[in-house]
Amino acid sequence: MLILGIDTATNQVGCALGGHEGVIASVASQRGRRHAESLAPSIEFVLGQADVVLADVGAIAVDLGPGLFTGLRVGIATAKMLAHALGIPVLGVSSLDLVAFAVRLTPRLIVAAIDARRSELYFASYRQVPGGIQRIGEHRIGSPDELASELMASGEEVLLVGDGAHRYREQFAAIPRVELADQGWSAPCARSLVQLAHARALREEFDAGSTVMPIYLRRPDAEINWDTREGRHRA
């Protein structure tokens, strides 16, 4: 089964195509926040590189976030539209899972931390299992200080990965037994998306279209800013 992966959770737009033979084509581009303009050409590019047509695709994988609100909406809407038009299943994968998967070979506790802005992080913990990773607990949002305190208290050997880890690296670098992964692994990527989705496809763990929703963890900034303005007007 060929799987088309769509990743628009960050400033980067990524697409990849692959299956049992691994990833056979991928592309990543960063053009500010022009996700809608970049996604269709990216899909066309990976199909062309793999010398296949859209009708050859057997499933669509998409990054569900957490991440940029506009980017997530573009990617998820496109994934659901393509899956419906082609009559094929969808596989939704979390951004944090993708970031952690890239460093899956370490025996240490993996903590993925993505910059959530507003001085906050999205984060989750993982352990290596045969063939991949297993998340421990839920996706969370909190301050860098909260995460640093938890890492300090755990006493475990930790590999910390993600752009959030590097943005606040000074707070994490001094914690004993905590190592920051290379910055090249900081963002979710479509290649990892296809690999994780393929493992789930083999187990037929597909998502119903109605359940494929963005993982936000907090309200969009526009809503927060609107509430703040309304509060000032009522004061």
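The values are calculated or read from the model by the stated rules, or taken from the named source; none is laboratory data. Given the structure is predicted, the values throughout are model-derived calculations rather than measurements. Virtual Cβ from ideal backbone geometry, glycine too; neighbours counted across all protein chains shown.
For Gly75, work out the one condition from (1) surrounded by fewer than 21 Cβ atoms within 10 Å (Cβ to Cβ); (2) assigned by TED's automatic domain parsing to the domain that holds Val27 it doesn't fulfil.
(1)
Step by step: first the residues of segment 154-170, then only those that are outside any loop (DSSP other than H, G, I, E, B) and over 20 Å from Ala187 (Cβ atoms), then the one that is modelled with the highest pLDDT. Which residue is that?
Initial filter on segment 154-170 (outside any loop (DSSP other than H, G, I, E, B)): 154, 158-161, 163-167, 169-170.
The next check asks that each one be over 20 Å from Ala187 (Cβ atoms); those that pass are 154, 170.
Working: Ser154: 91, Glu170: 94.
Checking each candidate, the answer is Glu170.
With the requirement that a residue be of a type in the set (Asp, Glu) and buried (at least 23 other Cβ atoms within 10 Å of the Cβ), what does segment 98-144 give you?
none
Suppose we filter Val62, Val74 for residues that are part of a helix (DSSP H, G or I), modelled with pLDDT of 95 or more, β-branched (Val, Ile, Thr) and over 30 Å from Glu156 (Cα atoms); which single one remains?
Numbers: Val62 fails: part of a helix (DSSP H, G or I).
Criteria check complete, one pass: Val74.
Go through (1) within 27 Å of Leu91 (Cα to Cα); (2) not in a strand (DSSP E or B); (3) not small (Gly, Ala, Ser) one by one and return the number of the condition Glu150 breaks.
Here Glu150 meets the rest and fails (1).
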